[in-house]
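A.B. asks: The structure is given below, and queries will be raised subsequently.
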Amino acid sequence: MQEKIDLKQILQEIEEENSLSREKKTKVSQDDIQKILQEKPKGEVEEN
Amino acid sequence: MSSERKIKVLIADDEKHIRLLIRKVVSGLNLELAGEAENGKEAVQLFRKEKPDLLLLDIYMPYMNGIEALKEIRGEFPNATVLMLTSAADMESVQKCIDLGAVNYILKSNPIAEIRQIIEETAKALKAQTEAPDAGED
């Protein structure tokens with residue numbers, strides 16, 4: 001008997017793994033970034 | 001009439017179409033284009049040469065990425081104003097850039113109007129600083 005390789009199944013598994021690893025990184029929005037920046041004490045732009 | 005000094009902007013992005021877009025934003029805001037870099041290494045070299053008031057810096061670039069370039073530039077020029085403009089939407093990159101002294105972090109996924117607005121606000125703040133008298137009083 002020949003063993004059938006299900007390419008579709010393999011591709012699906014790879015895709016699932018990829019999406020899982022993508023989700024591991026915390027995605028931020030522009031609003032989140034602006035909040036982080038507002039919380040940070042100002043000073044970087046200032047020159048003397 | 002007084003001759004206004006324009007804010008000099010350096011653009012660093014490996015993507016040609018992004019550079020073109022930002023170039024249009026820069027000229028639309030009446031800012032001066034100091035130059036364009038295609039990678040981090042070039043950004044550092046051009047920064048040294050042109051000493052721009054503002055650097056718009058991408059992260060994902062060949063040879064030297066934007067975070068390394070930011071580190072090098074801020075190490076050499078602690079007062080450098082660097083605005084990140086990137087598609088890297090992860091907290092680690094945002095935090096790293098802010099810790100290294102980037103004044104803002106714009107996601108490329110934002111509408112162009114929003115990107116334009118952040119650049120404009122940063123340029124205005126810079127202009128106010130350069131025009132302010134040296135006195136440290138209110």
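A.B. asks: Scan the range B:32-39 and tell me whether some residue there is crowded, with 16+ Cβ neighbours inside 10 Å, within 14 Å of chain A (Cβ to nearest Cβ) and at pLDDT 95 or above.
C.D. replies: Among the residues of the range B:32-39, not one is crowded, with 16+ Cβ neighbours inside 10 Å, within 14 Å of chain A (Cβ to nearest Cβ) and at pLDDT 95 or above, which makes the answer no.
A.B. asks: When the residues of the range B:68-87 are narrowed to those that are part of a loop (DSSP other than H, G, I, E, B), touching a strand residue (DSSP E or B) at 6+ places or on another chain (Cβ under 8 Å) and more than 7 Å from chain A (Cβ to nearest Cβ), which ends up surrounded by the fewest Cβ atoms within 10 Å (Cβ to Cβ)?
C.D. replies: B:S87
A.B. asks: Same structure again: Of B:I106, B:I118, which residue is part of a helix (DSSP H, G or I) and either of a type outside the set (G, A, S) or over 11 Å from the mean Cα position of the chain (by Cα) (or both)?
C.D. replies: Values: B:I106 fails: part of a helix (DSSP H, G or I).
On inspection, the qualifying residue turns out to be B:I118.
A.B. asks: Filter the range B:41-67 down to residues that are in a loop (DSSP other than H, G, I, E, B) and free of Cβ contacts under 8 Å to residues at least 60 places away in the same chain, then give me how many there are. Steps first, answer last, please.
C.D. replies: Residues of the range B:41-67 in a loop (DSSP other than H, G, I, E, B): B:51-53, B:58-65.
This time we only want the ones that are free of Cβ contacts under 8 Å to residues at least 60 places away in the same chain, so: B:51-52, B:58-65.
So the answer is 10.
A.B. asks: Let me ask another. Tell me which residues, restricted to the range B:98-113, are more than 7 Å from chain A (Cβ to nearest Cβ) and either farther than 11 Å from B:T86 by Cα or of a type in the set (F, W, Y) (or both).
C.D. replies: Passing the criteria: B:D99, B:L100, B:A102, B:P111, B:I112, B:A113.
The values are calculated or read from the model by the stated rules, or taken from the named source; none is laboratory data. Please read these numbers as outputs of a predicted model, since none were measured by experiment. Counting neighbours? That spans all protein chains shown, and the Cβs are built from the backbone with ideal geometry, glycine included.
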